[in-house]
Amino acid sequence: MVEFKEFLIDKGLLATLMERYGIDQKDKEIYKFFYELIKKLSNYKTEQFRNNTKKESDFFDLDIVASVYEENIPHYIRKRTGEFYTPKSVVNYILNGVGYTTRDNIITRKIIDLSCGSGSFLIKAVKILYEKLCNQIKVKEVSKIPSEQVMNIIKTIKNNISGIDINPIACVLCQINLYFTLFELFKILSKDIKNYSTIMFNIFNKDAIHIEFDSKFDYVVGNPPYLFIRAIPLDMRKEIEKLILETNKGQYDLYQIFIEIGLKLLREGGLLGFVVPDSILALTNRKLLRKFIFNSTEIKELCHLGPVFRDPKVSNLILILQKELNLRKRLNNTISIKKSLNNSSQISYIKQEVIKKHDYKFVINLNQRDIEILNYLNSNFPKLSDLMNDTRFSISLKRGVEIGKDGYVIYCETCQIYQPLPKKKLFCKTCGSPLNEKFIDKIILESIPEGLEEEFQHFLYSINRYSAKYFKNIRLGMEGINYKGEDTFKKRIVIRQLSQENLICASYNENAWTSQSIYNLEIIKTPVLEFNHYYLLGLLNSHLLSYYFLKSFGSYKIFFPRILIEKLKNLPIKVPQSLVEKELSKEIQEKVLKILQIIQKNSLEAKKLANQIEIIVQKLYKIPENDFQYIIKSTTG
């Protein structure tokens, strides 16, 4: 198709494009880049316009333009601006998700991509709109379309489809893409209209954060740039933080600015479809963005993809939002949650109001059944924190010695105290003075040095469920180290921060000290004798409480969330009240004591006893059998 090269180069259209976007035509390297690309395109045929336009397979796959761009624009430049180009499957899914299809009424509706690159989304949108317009005029072959209708088609596409990109080279490529896609139409006009002046499409070489339009859009789609605040150039950050926005505060990412701007460009009821990092789902730094989305839109769909780009290695999410100011509609909205582009069996649904109840986390790990079980547990049982605040009880929950498990400390000559060894630079956390590495010491040891026996105590180094796994020794009396006091380490339940096999990991110990990575839970006073350490240990190690923890504090990751004190305080704890419940409590105590005695020697018998405890916990919490089996499956995979 040599004539495409003539159309762009010989007739001066490429030169006009370069001038429009401020690219020096004398730059031989860039001109050659465009020239070689156009030559490559000219070798392809555009049979999609000579055949039935309804067949997607008839269309030329324009991913070649994006790949040429990635091959020729250095990686560090694209990474610096957060530019990475979008797989065709994701483009198709998003356009379908926002309702930009030939089945929808799109002829008078406007769509924009705020970071269009070489045009992945726009080219697909053009094909869809072109097909819709051809269906309207009932034409199957391009060559039979009258030139007047051709002009109307091109004018409609120009008016309704827009793109923005900060990179002028990307803008030229996008225009080339559009010309190539519609080249058969331009050939008709060039043939029928003398001195036809080729139009340019609405591709703007601007920074999207400063864009303004007189009218609103019906659709905003795209793959916005991913740049965490540290990677955003300082001058750009200053510009962003001057804007009157809600999400440009704190530790933001550039993509969240694009989401807010995109929503502001939408008319009421308009739809936004973006592919973004899945960190949006639960990351603390993205709470401001999630809250803005919750308060501005109906969240129509969250589709968790995992990594879809060759570079960078980011796990991704497709976000479909509909602008909606009505609070009742937003709260009653049902969100579709998908784990795949293609597998319809992996769809679940939650009400949008659930997000607010979970501190604005996008809880895609929950389905309606999970929500009902969590609501039941939250409504019918006190939290551990409630018991800690109840004057009838006295319950202590503390971290161990404020030191890492490796036991390294360093002495500050200025303060004349010890402190845990800093992970990075050697500066005193108290006075800021530089620390001398010759004063590094270690206070957690395998064996006690001769003559220092009185300075050391037994130290619980690691635990498993129902088992104190490994012991060392800790040196006391190092001034500056927060030891917490020996009362913390008397008879109590010990809980580690990391789970074991997707379950809370707790055991019992009477006298060994621990590091800060192991929590110490002590029942000091209780009005119910059956509510004691062994009973509570059985509850903590149950699948039910692990399920509650996972569903309440997990997010989209497969991994069990880190167990933190504030989260432990939220666990629903059953205090036995009736005679029947107290008898069940005694059964748990007996089995827990037996497990603690035999687990090192007979793990199979200990496992049987633990399974029996699960059944008793089910009875105490009155969990229906089908829900109980669901809970077990959820925590065992």
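The values are calculated or read from the model by the stated rules, or taken from the named source; none is laboratory data. Bear in mind that the values here come from a model prediction, so they are computed numbers and not experimental data. Virtual Cβ from ideal backbone geometry, glycine too; neighbours counted across all protein chains shown.
Which residues, taken from the range 496-512, are in contact with a Lys or Arg (Cβ under 6 Å, 6 or more places away or on another chain) and crowded, with 19+ Cβ neighbours inside 10 Å?
At the first step, the residues of the range 496-512 found to be in contact with a Lys or Arg (Cβ under 6 Å, 6 or more places away or on another chain) are 497, 500, 505, 510.
Correct list: Cys505 only.
Within the range 566-588, is even one residue of a type in the set (Gly, Ala, Ser) and over 21 Å from Phe393 (Cβ atoms)? Break it down into steps so the answer makes sense when it comes.
Initial filter on the range 566-588 (of a type in the set (Gly, Ala, Ser)): 578, 585.
Then drop every residue that is not over 21 Å from Phe393 (Cβ atoms), which leaves none.
No, because not a single residue in the range 566-588 is of a type in the set (Gly, Ala, Ser) and over 21 Å from Phe393 (Cβ atoms).
Could you tell me which numbered condition Ile299 fails, if it satisfies all but one of (1) modelled with pLDDT under 95; (2) closer than 18 Å to Phe362 by Cβ?
(1)
Could you check the range 173-209 and list, in sequence order, the residues that are assigned to a helix (DSSP H, G or I), farther than 19 Å from Leu272 by Cα and under 38 Å from the mean Cα position of the chain (by Cα)? Spell out how you get there, then give the answer.
From the range 173-209, those assigned to a helix (DSSP H, G or I) are 173-181, 183-192, 208-209; that's our starting set.
Applying the additional criterion that residues be farther than 19 Å from Leu272 by Cα yields 173-181, 183-192.
Matches in the range 173-209: Leu173, Cys174, Gln175, Ile176, Asn177, Leu178, Tyr179, Phe180, Thr181.
For the range 139-161, enumerate the residues that are touching a strand residue (DSSP E or B) at 6+ places or on another chain (Cβ under 7 Å) and crowded, with 21+ Cβ neighbours inside 10 Å.
Step one: of the range 139-161, the residues touching a strand residue (DSSP E or B) at 6+ places or on another chain (Cβ under 7 Å) are 158, 160-161.
Listed by number, the residues that qualify are Asn160, Ile161.
From Asn152, Asn202, which residue is without any contact (Cβ under 8 Å) to a residue 40 or more places away in the chain and farther than 30 Å from His304 by Cβ?
Just one listed residue meets the conditions, Asn152.
May I ask you to list the residues in the range 217-230 that are in contact (Cβ under 8 Å) with a residue 60 or more places away in the chain and either touching a Leu at 6+ places or on another chain (Cβ under 8 Å) or loosely packed, with under 14 Cβ neighbours inside 10 Å (or both)? Give the steps one after another, and end with the answer.
We begin by selecting, within the range 217-230, every residue in contact (Cβ under 8 Å) with a residue 60 or more places away in the chain; these are 217-227.
Phe217, Asp218, Tyr219, Val220, Val221, Gly222, Pro224, Pro225, Tyr226, Leu227 - these are the residues of the range 217-230 that are in contact (Cβ under 8 Å) with a residue 60 or more places away in the chain and either touching a Leu at 6+ places or on another chain (Cβ under 8 Å) or loosely packed, with under 14 Cβ neighbours inside 10 Å (or both).
Taking the condition of being among the acidic types (Asp, Glu) and in contact with a Phe, Trp or Tyr (Cβ under 9 Å, 6 or more places away or on another chain), how many residues in the range 347-363 meet it?
Looking only at the range 347-363, we keep the residues that are among the acidic types (Asp, Glu), and these are 353, 359.
Those left that are additionally in contact with a Phe, Trp or Tyr (Cβ under 9 Å, 6 or more places away or on another chain): none.
Selection size over the range 347-363: 0.
Is it the case that Ser515 is crowded, with 20+ Cβ neighbours inside 10 Å, more than 30 Å from Tyr411 (Cα to Cα) and touching a residue at least 24 places away in the same chain (Cβ under 8 Å)? Steps first, answer last, please.
Working: crowded, with 20+ Cβ neighbours inside 10 Å: yes; more than 30 Å from Tyr411 (Cα to Cα): no; touching a residue at least 24 places away in the same chain (Cβ under 8 Å): yes.
Criteria not met by Ser515.
Could you list, ordered by first residue, the pairs with Cβ atoms under 6 Å in which the first is in the range 12-35 and without any contact (Cβ under 8 Å) to a residue 12 or more places away in the chain and the second is surrounded by fewer than 17 Cβ atoms within 10 Å (Cβ to Cβ) and not in a loop (DSSP other than H, G, I, E, B), at least 6 apart or interchain?
Once the first residue is without any contact (Cβ under 8 Å) to a residue 12 or more places away in the chain and sits in the range 12-35, its partners that are surrounded by fewer than 17 Cβ atoms within 10 Å (Cβ to Cβ) and not in a loop (DSSP other than H, G, I, E, B) give Gln25/Ala15.
If you take the residues in the range 1-37 that are in a loop (DSSP other than H, G, I, E, B) and farther than 19 Å from Phe201 by Cα, which one is modelled with the highest pLDDT? Even if it seems obvious, please write down each step before you answer.
Keep residues of the range 1-37 that are in a loop (DSSP other than H, G, I, E, B), which gives 1, 11-12, 21-27.
Next, from what is left, pick out any that are farther than 19 Å from Phe201 by Cα: 1, 24-27.
Details: Met1: 49, Asp24: 87, Gln25: 80, Lys26: 81, Asp27: 84.
Here the answer is Asp24.
Note down all Cβ pairs under 8 Å where the first residue falls in the range 618-631 and is touching a residue at least 40 places away in the same chain (Cβ under 8 Å), the second is basic (Lys, Arg), and they're at least six residues apart or on different chains.
Leu620/Lys574; Tyr621/Lys574; Asp627/Arg369; Tyr630/Arg369
Rundown of residues vs (1) over 23 Å from Asp214 (Cβ atoms); (2) within 18 Å of the chain's Cα centre (by Cα); (3) surrounded by 20 or more Cβ atoms within 10 Å (Cβ to Cβ), yes/no style:
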| site | (1), (2), (3) |
| --- | --- |
| Ile259 | no, yes, yes |
| Lys264 | no, no, no |
| Arg267 | no, no, no |
| Thr284 | yes, yes, no |
| Lys287 | yes, yes, no |
| Glu298 | yes, no, yes |
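Which residue out of Tyr349, Tyr411, Tyr376, Tyr360 is hydroxyl-bearing (Ser, Thr, Tyr), at pLDDT below 95 and surrounded by 13 or more Cβ atoms within 10 Å (Cβ to Cβ)? Full working, then the answer.
On the way: Tyr349 fails: surrounded by 13 or more Cβ atoms within 10 Å (Cβ to Cβ); Tyr411 fails: at pLDDT below 95; Tyr376 fails: at pLDDT below 95.
The conditions single out Tyr360.
Do we find a residue being modelled with pLDDT under 90, under 24 Å from Val494 (Cα atoms) and part of a loop (DSSP other than H, G, I, E, B) anywhere in the range 544-555?
Yes, the range 544-555 contains a residue that is modelled with pLDDT under 90, under 24 Å from Val494 (Cα atoms) and part of a loop (DSSP other than H, G, I, E, B).
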